[in-house]
Amino acid sequence: MKQAYQLSHTDAMRVITAIQAELEKNGKGAAIAVADEHGELMAFLRTDGCPLASINNAIHKAFTASRERKESRAVGDASRSENFPMTNFGDLRYTGWGGGVPILHEGQVVGGVGVSGLPEADDMVMARMGAQVLSGS
């Protein structure tokens, strides 16, 4: 039986480095978090100019995307449309803000990336770009 792929620290740093380069190219600051398949933090970077509140938001977005196997915004949208409070997940780390994206390897979720500190739509773009870094691995 083939062993399940596990996200490595090297993988996590590749994701962070790619997003960091894009942020720096555009002169923007944000927090970037990468979580493993269980949603637990593997790597984190707070770039210059990042708002303080964005630290936990990025970590929680990566957690949510990894745990729920879908974008954090989709989790929030479902919570709002179904009138299902986020607190019902039983863990206060769940968030419905956009900017958390699952990281896939051969169709399986192996982690999540979260970006916070930009307008929400830009957080989403950056997180999606970061999640794609490993798609060729």
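The values are calculated or read from the model by the stated rules, or taken from the named source; none is laboratory data. Since the structure is predicted, the reported quantities are computational estimates derived from the model, not experimental observations. All Cβ positions, even for glycine, are placed from backbone atoms using ideal geometry, and neighbour counts span all protein chains on display. When the accessible area is computed, the model is the full protein with side chains, heavy atoms only, and any ligands, DNA or RNA have been set aside. Shrake-Rupley method; radii C 1.70, N 1.55, O 1.52, S 1.80 Å.
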field: Candidates per trypsin sites (Lys or Arg not before Pro) in the range 1-52, loop by DSSP, up to 13 other Cβ within 10 Å
entry: Lys2
task: Any chance you could look up the accessible area of Ser135 with a 1.4 Å probe, heavy atoms only, rounded to 10 Å²?
output: 80
message: For a quick check of understanding: with a 1.4 angstrom probe and all protein chains in place, what accessible area in square angstrom does Asp11 have, to the nearest ten?
response: 10
- prompt: Using r as the Cβ-Cβ distance of Asn56 and Met13, and R0 as 22 Å, what FRET efficiency do you calculate, to the nearest 0.05?
  reply: 0.60
message: If you only keep lysine pairs separated by 8 or more in sequence, or across chains, how many in the chain come under 26 Å at the Cα atoms?
response: 5
field: the chain: relative contact order as a whole-number percent, Cα under 8 Å and 6+ apart
entry: 27
- prompt: On full extension of the chain, what length is gained from Arg69 through Gln132, given 0.36 nm per residue of separation minus the C-alpha to C-alpha distance?
  reply: 21.2 nm
message: Quick query: amide H of Val110 versus all other amide H atoms, modeled in the peptide plane; which residues come in under 5 Å with a sequence gap of 5 or more or a different chain?
response: Ile103, Leu104, His105
field: Potential lengthening between Arg80 and Leu41 on full extension [0.36 nm per residue; Cα-Cα distance subtracted]
entry: 11.4 nm
- prompt: Mind listing the phi-derived Karplus ³J(HN,Hα) values for the range 18-32, rounded to whole Hz, using 6.51, -1.76 and 1.60 with θ = phi - 60°, and x for any glycine or proline?
  reply: 5, 5, 4, 4, 5, 4, 5, 4, 9, x, 10, x, 7, 9, 10
Calculated P(r) of the range 21-107 - Cα pairs past 21 Å, %: 32
query: Considering only protein heavy atoms, what per residue accessible area in square angstrom results for the chain with a 1.4 angstrom probe?
result: 52
